[in-house]
Structure formats: structure tokens, C-alpha cells
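Below you'll find the structure, written out as C-alpha cells, and then a few comments.
Every number in this text was worked out from the coordinates using simple rules, so none of it is lab data. Everything numeric in this text was worked out from a predicted model, so none of it was measured. Here the Cβ is made from the backbone with ideal geometry for all residues, glycine too, and neighbour counts use every protein chain on show.
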Amino acid sequence: MMEDAQNMITTIRQMEASLDDNKPRRDYQSDEDELKVTFPLTRCLQVLKERHIQVSRLHSERYEQVKSMTHHVQRTS
């Protein structure tokens, strides 16, 4: 369960970094923010899953925006 939590933290950090173009890239393993493994693990995993869903939704929205913009640019070229 600890490995699952750590993997989810890494994935969340990577997705957040890809969404924020203004921040310099950082070490995904750092503990500079509130994402960390806590106990009880079941509650930690639930919180991480909720955060993952939120970030995934934003990531999908950004993908669709870029896809739409790219499609628009290709049509006007």
C-alpha cells in the first residue's frame, strides 16, 4: 500500500507539472508540497485518489483545449 501511495504521488506531481508551464521543472520525489504518505494508509490512498481524479480531469480538459487549438490552426493554415 505504501508503494501504491508513493506511485500515485509521483503520477500526480508529474501531471501537475505538465499543467503548469510557469513553474520550473522539479524533482518529483521532493516533499516540498502537501503530497506525502500518511497513516492510516487507507485514508491516505483515498485522499490521493481524490486528488488524482481532480488532476486527471484538469489534464483531460487541457488536452482537449490543445487538441482543439491545434485543429483550428491546421484548418486556417
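Here are a few things to note about the model shown:
- Projected area, mean over directions - the range 38-77, Cα convex hull, nm²: 2.8 nm²
- Gained length - Thr38 relative to Asn7, 0.36 nm times residue gap less alpha-carbon distance: 9.8 nm
- The calculated FRET efficiency for Gln46 paired with Thr70, based on their beta-carbon distance and R0 = 30 Å, is about 0.25.
- Counted by Cβ distance under 12 Å from Ser56, the other residues give a net charge of +1, where Lys and Arg count +1 and Asp and Glu count -1.
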